[in-house]
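The block underneath contains the structure these notes are about, expressed in structure tokens.
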Amino acid sequence: MNGKFSSDRRIVKTDDFSSVFRMRPCARTEHFVLYARSNQLAHARLGIVVAKRFAPRAVTRNTVKRICREVFRCMQMPALDCIIRMTSPVNTRRGPATGTCLKRVLREEVCRLMGSRRKTPKS
């Protein structure tokens, strides 16, 4: 896959998000949950949901989304609509919201999630 995250690889419409959210979660980690559904396209698409209550600072939300997109671009995914949703806070008083350690932990979690969906779900 090339290094771009073009608009045809994004889930942006509310109806598309809703149809994927109707599915049961495929995988969970400490901070994320992954929903996936087969699509009729020739490629996979990604949607990311990072609520302000879990990452109050915009810089943190943007970092999380950047990590998710980067992992998605590097994976060879089948024709799926995938949504990654943050489910627990990442900001702590102990460390910076976008520190190297946090980025590494989040990247590992997203890699585990995406790796669990390399096969097409039965839906």
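The values are calculated or read from the model by the stated rules, or taken from the named source; none is laboratory data. Small disclaimer: the values here were computed from a predicted structure and weren't measured. No Cβ is skipped: glycine too gets one built from the backbone with ideal geometry, and neighbour counts run over all protein chains shown.
The table that follows gives values for the structure above.
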item	result
Search result, residues across region 14-48 that are of a type in the set (V, I, T) and either crowded, with 17+ Cβ neighbours inside 10 Å or touching a Gly at 6+ places or on another chain (Cβ under 6 Å) (or both)	V20, T29, V33, I48
Residue that is nearest to S116 (Cα to Cα), among those in region 6-17 that are in a loop (DSSP other than H, G, I, E, B) and in contact with a strand residue (DSSP E or B) (Cβ under 8 Å, 6 or more places away or on another chain)	I11
Yes/no for G99 being more than 14 Å from the chain's Cα centre (by Cα) and modelled with pLDDT of 75 or more	yes
Unique residue being touching a Leu at 6+ places or on another chain (Cβ under 6 Å), closer than 19 Å to C101 by Cβ and at pLDDT 85 or above when the list is I67, I84	I67
Region 36-54, residues that are in a strand (DSSP E or B) and not small (G, A, S)	R37, R45, L46, I48, V49
Sole residue being farther than 15 Å from E109 by Cβ, of a type in the set (V, I, T) and touching a residue at least 12 places away in the same chain (Cβ under 8 Å), chosen from I48, I11, I67, I84	I11
Tally, over region 18-35, of residues that are in a strand (DSSP E or B) and either within 19 Å of C101 (Cα to Cα) or touching an Asp or Glu at 6+ places or on another chain (Cβ under 7 Å) (or both)	1
Region 15-40, residues that are of a type in the set (D, E) and either within 19 Å of C111 (Cα to Cα) or touching a residue at least 40 places away in the same chain (Cβ under 8 Å) (or both)	D16, E30
Count of residues meeting criterion [outside any loop (DSSP other than H, G, I, E, B) and out of contact with any strand residue (DSSP E or B) (no Cβ under 8 Å at 6 or more places or on another chain)] in region 55-86	12
